[in-house]
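The values are calculated or read from the model by the stated rules, or taken from the named source; none is laboratory data. Being a predicted model, the structure only gives us computed values, none of them experimental. So basically every Cβ, Gly included, is an ideal-geometry build from the backbone, and we count neighbours across all protein chains shown. The protein model used for the area step is the full one, side chains on, heavy atoms only, and it has no ligands, DNA or RNA in it. Shrake-Rupley method; radii C 1.70, N 1.55, O 1.52, S 1.80 Å.
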Amino acid sequence: MAPPMSASAFLRALKAEGLTVVEVGDWRDHNRNHKGPWGPVHGVMIHHTVTKGSARTVDICRKGYAGLPGPLCHGVITKDGRVHLVGYGRANHAGLGDDDVLRAVIAERGLPKDNEANTDGNRHFYGFECENLGDGEDPWPSAQLEAIERAAAAVCRHHGWNERSVIGHKEWQPGKVDPRGFTMSSMRKRIGDRLN
């Protein structure tokens, strides 16, 4: 079990991993903590946004939309490989997912099939939304994939986790398909190589 790192430590960890970070507004204090606790944290969750255009994507992830208030993640990774920090604390990104998956993430072992939605993921995961239409055709530029790898590795490095602490939304919540366009196994391999 790990308490979430401070916002300052999060920023330092991302920069130390070689990322270009954009701080958006009052990101350090923009959260959903009044809806429940954040932490203990156990992993990193990767998403795609189903949006086009970096400025619009960052704005939606910061503010949210009707029925789902922001922030919708901690960092938005745009196609140019920059990480835009939009919130810190509890964020509306993971939703309810499978407790068996959470146990596997904590144990850093292979993931079971997600077939339940009984556990609050917003409490336990750092979240990165990645700018992509999610249609399987919108490309993932190399700069963006490298930024996803570096951002996840930065969090894992801070907490002493390995690459098995990084999952896709589709591995957590039944019915989700994100991220679509690359495999989480290939991303975990990249993160593992970076951490080693």
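Points to keep in mind about this one:
- Which listed residue is in contact (Cβ under 8 Å) with a residue 12 or more places away in the chain, over 16 Å from the mean Cα position of the chain (by Cα) and not in a loop (DSSP other than H, G, I, E, B), from ASP59, ASP100, ASP80: ASP100
- Taking the conditions (1) part of a helix (DSSP H, G or I); (2) of a type in the set (A, V, I, L, M); (3) within 24 Å of ALA153 (Cβ to Cβ) in turn, ALA91 satisfies each one other than (1).
- Among the conditions (1) of a type outside the set (Lys, Arg); (2) in contact with a Gly (Cβ under 7 Å, 6 or more places away or on another chain); (3) surrounded by fewer than 17 Cβ atoms within 10 Å (Cβ to Cβ), the only one that LEU72 does not satisfy is (3).
- Selection count where residues are more than 29 Å from GLY18 (Cβ to Cβ) and of a type in the set (D, E, K, R), scope the stretch 74-108: 4
- Flag set for VAL22, criterion: outside any loop (DSSP other than H, G, I, E, B) and not aromatic (Phe, Trp, Tyr).
- Matching option when the condition is under 26 Å from GLY192 (Cα atoms), open to solvent by 10 Å² or more (accessible area, probe 1.4 Å) and of a type in the set (D, E, K, R), among ASP114, ASP120, ASP98: ASP114
- Scanning the stretch 17-29 for residues that are under 22 Å from HIS159 (Cβ atoms), open to solvent by 40 Å² or more (accessible area, probe 1.4 Å) and of a type outside the set (D, E, K, R) returns a single hit, GLY18.
- If you filter the stretch 30-56 down to residues that are of a type in the set (Gly, Ala, Ser) and under 30 Å from PRO139 (Cβ atoms), you find that the one that is most open to solvent (accessible area, probe 1.4 Å) is ALA55.
- Matching residues, the stretch 174-189, being over 26 Å from GLY53 (Cα atoms) and either crowded, with 18+ Cβ neighbours inside 10 Å or at pLDDT below 95 (or both): ARG188
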